[in-house]
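**Q** Sharing a structure here in structure tokens format.
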Amino acid sequence: MASKLRLTEQQVHHYNEEGYVVYNQSVFPEAKFNGLKDYFEELLEAQVRAGKRPEAMDKPHFLHPRLFEWALDDTILDLVEPLLGPDFHLFATHFICKPQGDGKRVPWHEDSAYWKGIMHPIKALTVWLAIDPSTCENGCMFVVPRSHVQWRKGYSDYKGVDISKSVFPTEIVEPQQHGDLGAPCILKPNECSLHDCRMIHGSEPNTSAIRRCGFTMRFVPADVRLSPEWESCQGFYPARGRDKAGNTLLDPTRTYPQLAEETRIKRVH
């Protein structure tokens, strides 16, 4: 299928230089986006009914392959291809939902630091699609421009943080955060940002009266190899082009409850 690449040369240049780009245009047609939001509300209701935090909806695609209807849609892939090239895979998804009033903060981190040992080399980008408005008031994501090529380039030192207040259990130590340089990614529903996995980013808690949810879709170039020791709880899905690293790609029409359970165990331990 012929692609219709959606980023301008200026946007691609900004991503390469600054490590991120904010796409303040509608990603999906309105009906398609509303379908995703409605499906998310169903999943969220089940999550809360099970007594789990809304922020903990990590890798929902393992149990709900209908999400590939959006994560592997050409409208998303046409945003990714200008940055990764014609051959790439889907790596992971996550609904990061901060409920109104008590939404947890996302500590300053680099995705690459959490993915050590999972893939080689560590090259990836995240599409952060706004389900709700994402503003400074309700805890939008802040990124530190150029942090993907400055300082520790994706491998900062980390310390433990209070998991009752934070989405992740660790955070970059203060001298390496550079949070004072952070830029907000302000988005309307159905807009998105894209960022390099080495980018320092984080967000404040949501104490506002408005929920903040984003659907993240993470992609890797096809020359990235999934580490064999992680194949029991991870997986790449075919997005575009062909695999170049000998990966065994997962089937987006299937559920993978065992992978979901192994992911949960590794996250706990």
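**Q** Given the residues PHE33, PHE91, PHE28, PHE40, which is the only one that is hydrophobic (A, V, I, L, M, F, W, C) and closer than 16 Å to ARG218 by Cα?
**A** PHE91
**Q** Then there is this: Any idea how many residues of segment 112-134 are crowded, with 23+ Cβ neighbours inside 10 Å and in a loop (DSSP other than H, G, I, E, B)?
**A** 1
**Q** Please verify whether ASP157 is among the charged types (D, E, K, R), surrounded by fewer than 21 Cβ atoms within 10 Å (Cβ to Cβ) and under 25 Å from PHE33 (Cα atoms), treating the condition exactly as stated.
**A** No, not satisfied.
**Q** Can you name every one of the strands (runs of 3 or more DSSP E) wholly within segment 1-111 that holds 1 or more residues which are surrounded by fewer than 22 Cβ atoms within 10 Å (Cβ to Cβ) and touching a Lys or Arg at 6+ places or on another chain (Cβ under 7 Å)?
**A** Counting at least 1 such residues, we get 88-98.
Here, each number is a calculation from the coordinates, and none is a lab measurement. Just so you know, these numbers come straight off a predicted model, no measurement behind them. Note: ideal-geometry Cβ built from the backbone for every residue, glycine included; neighbour counts use all protein chains shown.
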